[in-house]
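For reference, the structure discussed in these notes is given below.
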Amino acid sequence: MSTHPDTDGGHTRDEGVAVVIDSVTKHFGDVEALRGFNADIHYGRLTGLVGPDGAGKTTLMRIMTGLLVPNGGSVTLAGFDVVEDNDAIHIASGYMPQRFGLYEDLSVMENMRLYARLRGMDADQHSDIFKSLLEFTRLGPFTKRLAGKLSGGMKQKLGLACALMAKPRVLLLDEPSVGVDPVSRQDLWRMVQALTDDGMAVVWSTAYLDEAERCESVLLLNEGKLEFDGPPQELTDRIKQRSFRLTGVSDERRDLLSRALDLGSVGDGVIQGDAVRVVLRDGAGREEIDALADEVGAQLEPVQPRFEDAFIDLLGGGPGGTSALAERIDSVKLDSEIAVSCKELTKRFGDFTATDSVSFEVGRGEIFGLLGPNGAGKSTTFKMLCGLLKPTDGEAHVVGHDLRRATGAAKSQLGYMAQKFSLYGLLTVRQNLEFSAGVYGLEGGTKRQRIEEMIETFDLKQYLSTSPDSLPLGYKQRLALACSLMHRPPVLFLDEPTSGVDPITRREFWTHINGLARKGVTVMVTTHFMDEAEYCDRVAMMYRAKLIALDTPDALKRDSRSDKHPDPTMEDAFIHLIESAELDDAASADAQAAA
Amino acid sequence: MNDEIIEVHAGATPVGEVNQEQANHKFDGRRLFALVRKESLQAIRDPSTILIAFVLPVVLLFLFAYAVSLDVREVRIGVVLESDGAAAQSLAAAFAGTRYLKVTPARDRREVADQVVSGKLRGFVVIPQDFERRLASQLPQPLVQVITDGSQPNTANFVANYAQGVVQTWGAGRSAGMPAAAIQLEPRYWFNAELESRRALVPGAIAIVMTIIGTMLTALVVAREWERGTMEAVLSTPASVVEILIGKLLPYFGLGMIATLGSAALAVFVFDVPLRGSLLALLTLSAVFLIPALGQGLLISALTKNQFLASQIALFSGFLPSFLLSGFLFEIDAMPVPIQTITYLIPARYFVSSLQTVFLAGDVWSVFLPNLAAMAAIGLFFFAIAKRKTRKNLES
């Protein structure tokens, strides 16, 4: 920074307001996307626009970049009104939409040239800018590659380079970290940090609440309302004295969580590896939780508050700890203790190996997580295990049934909940239930009884004749779970069950899953929420089609402990694993070259 | 780390000078050029564009040139010869001798009736037992009986008329010695002397090809930008709506013209369709037809923003009308009046008739000019609505 005087056109750090949001409202038909609030966004700062899906983040982004017109109120960016001075907005702001807005048929350089010219820059006159942007994004070696052939992380960097053309004063990034692995995400944080240090205002929208903690300032949105505006620290400080961890109960942790959540003084709680993490309600005393800890022989220790917990606290706490669903289900009894197993499981699509000799065994009643960046092969592995894809090589068994020979028998033993819930929008809720009971071969009295049970358990009565599309997200998830459990399968497969779901709905979901696991149901789950891996008994990490680690969440975190990260998170562990896998690859490549 | 970013800034133009000045230009040639270049690169690299713009036209032209034929040739009919007289024999021989009919001889009508039912024959002619007596009789009475398969009306008509023709020709030949009828009619067909339907179909097919490229492809590529989120990124730059739209259209205009030239070359050199008018006239007509075709595509994509819907709407509002209502396959004069009125709204109607004229008749500007005017008017109408519907934001 020393070589760069801070006087460049008033871009000094933390000086002045970049964006003024003044009681802005926006509705689409009957849906109110923004309900009118005021906020300022400052130069030289990274401002997080944080909230669950459907909170209004993208709408606000699009209003700030002049692509949507607010119904009421006003937004001023770099001194220009987004409606009146629309043209000026397009110059003062750089915008990276979701999915990065790249032309996949064009090469890296062609994309950059296009956006440079559209922003009034001549590529030939400004070759120095191109050079430094390529250096900055480390895309230099890939200028001739088509954008469609880049990895998620590289696409994101190219999108950023395109948005940075002609030096915008305000950079707006809409969900830049979706579909990007944690390593590339690190890179992006680093780049954005450099930009804000130089005086640019950067707005980063995200549904991952843990990302909020990295922002200097946060606008927390929920259902179109601004719930919080300020440094994230300020929000987490509110629950500072109320966050605790219960340790030393590893086998009983699910039971403990369930009991803790049922206490009146506990507002929220999650499983974190071998421990249980709880947040007490505002003003509640420690007595109840102390008594519970004593009773089960757990140690209670205060912990650093987290942003997501603070958000839940802000919304009045999460759901209770008892799963009405699990209460009704009989304990699962299996002949063997192994519910799912695979050996040397391999899937090739032509030359491409999506899953490369993966082996593991999952015990009865275990919650088993499959983690990995996009394209690592976790979905392919998952699909082979539930009989949706035929393995090229290797074996897989579900409850003793060979998936290559007895696919039908194996499928009758498993429940499957696909991504985005995959419910039938043209059928009513009741018809969806009836359909799934039908496809699993339930008939007559059993069928009617099961359906009635599910309706009662999940409180679906009021919605029976509506379409699943119009259900609130939480109910949609309940319905999808009900459909996949209709035939009481001993093994449940969940593919990205909580993506796009707000944190409270996620808590409720995990309450059910914990309850099911306690009844002996084996749960296989893929997720890209790193903290969700903490709910799992064991986690399998996949990277480039291979299984690179398989252990309990705590052990994985412990292995990645370093001076830099004395108390690593799941994400740190993940990055550590991928980096060492890459080092191994490089080392073996070197060894081969030497030989 | 920071050094890198300093470099970024060192070369950048200060905000508010050059850029501000450019923003005030609603239309900037360099931005347009960048967009045209982008679109052209995409069109060249996307295999589906090549498929729609070059492979599909060739397939269509071959289909219309060879597979679809409105001509009737070698229709299979039966000739039931119930009489053994010399005259009857000679009439049967006359039937067998024509190149338009393929005759299955029979003695009993039951033999051939079954074959008509099963579709093997299109009809049959009965030369009755008392044929000689009827022939000799002065009373006007039918000489033969013609039975046709009414499930295929066109062919049935043809068989009936042609059978009559054969009988008359035969009769005329028999009485050659006697004074013939005072006036003999010798029909001549202008522009397409052999009445080969291919000659009318191939020029018409060019209109279909152009509709596909202009309307379908344009609707698809604009909708694709919405779907992939690139439109959002481009709209957030200083590029104006007019630049974005023209940048989209110019490459497909070029593609359409190339496809026209290719199709015309195929028509002339491979399918032996004469080009009696000038190339200039052909290109002018095609260029003007592309105005409504592209305008319609643009309008569709502005309304749907979804590739699947866009292709369906393009199919129903672009392709099918120009197929069915343009006079390409079905003559407009033969349509009910309300449908005829609708055809005036179909730009392909004007293009098909112009194409048939330019290929088969020549440069008849008195036909072209009104057609050109009509196409341009419909095109401008589409563009006006498309421009209105496309805003420089995401509001629908």
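The values are calculated or read from the model by the stated rules, or taken from the named source; none is laboratory data. What you see is a predicted model, and the numbers here were worked out from it, not measured in a lab. A quick note on method: Cβ atoms are made from the backbone with ideal geometry, for glycine too, and the neighbour counts reach across all protein chains shown.
Tabulated values for the structure
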{"item": "For A:Thr355: the one exception among (1) more than 30 Å from A:Ile451 (Cα to Cα); (2) touching a Phe, Trp or Tyr at 6+ places or on another chain (Cβ under 7 Å); (3) buried (at least 21 other Cβ atoms within 10 Å of the Cβ)", "result": "(2)"}
{"item": "A:Tyr103 being under 32 Å from the mean Cα position of the chain (by Cα), part of a loop (DSSP other than H, G, I, E, B) and either on the phi > 0 side of the Ramachandran plot or modelled with pLDDT of 90 or more (or both)", "result": "yes"}
{"item": "Segment B:318-343, residues that are farther than 15 Å from B:Val202 by Cα and touching a residue at least 24 places away in the same chain (Cβ under 8 Å)", "result": "B:Gly318, B:Phe319, B:Pro321, B:Leu325"}
{"item": "Residues satisfying the stated conditions in segment A:513-564, i.e. surrounded by fewer than 18 Cβ atoms within 10 Å (Cβ to Cβ), of a type in the set (S, T, N, Q) and closer than 22 Å to A:Ser184 by Cβ", "result": "A:Ser562"}
{"item": "Qualifying residue in segment A:158-167 (condition: buried (at least 21 other Cβ atoms within 10 Å of the Cβ), at the interface with chain B (Cβ under 10 Å from one of its Cβ atoms) and within 17 Å of A:Leu60 (Cα to Cα))", "result": "no"}
{"item": "Near pairs, Cβ below 7 angstrom, 6+ apart or cross-chain, from segment B:357-382 (at negative phi) to any residue that is of a type in the set (Phe, Trp, Tyr)", "result": "B:Leu360/B:Phe191; B:Ala361/B:Phe191; B:Asn371/B:Tyr350; B:Ala374/B:Tyr350; B:Met375/B:Phe289; B:Met375/B:Tyr350; B:Met375/B:Phe351"}
{"item": "Members of segment A:556-574 found to be charged (D, E, K, R) and in contact (Cβ under 8 Å) with a residue 40 or more places away in the chain, listed by number", "result": "A:Lys557, A:Glu571"}
{"item": "Some residue of segment B:245-257 being closer than 18 Å to B:Leu394 by Cβ, of a type in the set (D, E, K, R) and free of Cβ contacts under 8 Å to residues at least 24 places away in the same chain", "result": "no"}
{"item": "Meets criteria (more than 14 Å from every other protein chain (Cβ to nearest Cβ), surrounded by fewer than 22 Cβ atoms within 10 Å (Cβ to Cβ), assigned to a helix (DSSP H, G or I) and modelled with pLDDT of 90 or more) for B:Phe289", "result": "no"}
{"item": "First in segment B:37-52 and more than 10 Å from chain A (Cβ to nearest Cβ), second anywhere and surrounded by 17 or more Cβ atoms within 10 Å (Cβ to Cβ) and assigned to a helix (DSSP H, G or I), Cβ under 6 Å, 6 or more apart", "result": "B:Ser40/B:Pro251; B:Ile52/B:Leu217"}
{"item": "Hits in segment A:501-533 (condition: in contact with a helix residue (DSSP H, G or I) (Cβ under 8 Å, 6 or more places away or on another chain) and small (Gly, Ala, Ser))", "result": "A:Gly515, A:Ala517, A:Ala533"}
{"item": "Looking only at segment A:73-105, and only at residues there that are within 7 Å of chain B (Cβ to nearest Cβ) and acidic (Asp, Glu), the one that is farthest from A:Leu188 (Cα to Cα)", "result": "A:Asp87"}
{"item": "Yes/no for A:Gly474 being in contact with a His (Cβ under 8 Å, 6 or more places away or on another chain) and not assigned by TED's automatic domain parsing to the domain that holds A:Glu508", "result": "no"}
{"item": "Top-ranked residue in segment A:117-130 [being in a helix (DSSP H, G or I) and more than 8 Å from every other protein chain (Cβ to nearest Cβ); ranked as modelled with the highest pLDDT]", "result": "A:Phe130"}
{"item": "Which numbered condition A:Thr511 misses (of (1) more than 17 Å from A:Pro373 (Cα to Cα); (2) hydroxyl-bearing (Ser, Thr, Tyr); (3) over 19 Å from the mean Cα position of the chain (by Cα))", "result": "(3)"}
{"item": "Candidate set: segment A:488-543, residues that are hydroxyl-bearing (Ser, Thr, Tyr) and assigned to a helix (DSSP H, G or I); chosen: the one farthest from A:Gly317 (Cα to Cα)", "result": "A:Tyr535"}
{"item": "Answer from A:Val180, A:Val192, A:Val108 - the residue that is surrounded by 20 or more Cβ atoms within 10 Å (Cβ to Cβ), more than 12 Å from chain B (Cβ to nearest Cβ) and under 30 Å from A:Thr527 (Cα atoms)", "result": "A:Val180"}
{"item": "Subset of segment A:223-268 (residues that are touching a residue at least 60 places away in the same chain (Cβ under 8 Å), surrounded by 18 or more Cβ atoms within 10 Å (Cβ to Cβ) and not charged (D, E, K, R))", "result": "A:Gly224, A:Leu226, A:Phe228, A:Pro232, A:Leu235, A:Thr236, A:Ile239, A:Ser243, A:Leu257, A:Ser258, A:Ala260, A:Leu261"}
{"item": "Strands (runs of 3 or more DSSP E) enclosed by segment A:258-354 - at least 3 residues per element that are under 25 Å from the mean Cα position of the chain (by Cα) and among the acidic types (Asp, Glu)", "result": "none"}
{"item": "A:Thr47 vs. criteria buried (at least 18 other Cβ atoms within 10 Å of the Cβ) and modelled with pLDDT of 90 or more", "result": "yes"}
{"item": "Failed condition for B:Gly29, given (1) surrounded by 15 or more Cβ atoms within 10 Å (Cβ to Cβ); (2) at pLDDT 75 or above; (3) within 14 Å of another protein chain (Cβ to nearest Cβ)", "result": "(1)"}
{"item": "Test: residue in segment A:77-90 that is at pLDDT 90 or above and closer than 25 Å to A:Pro503 by Cβ", "result": "no"}
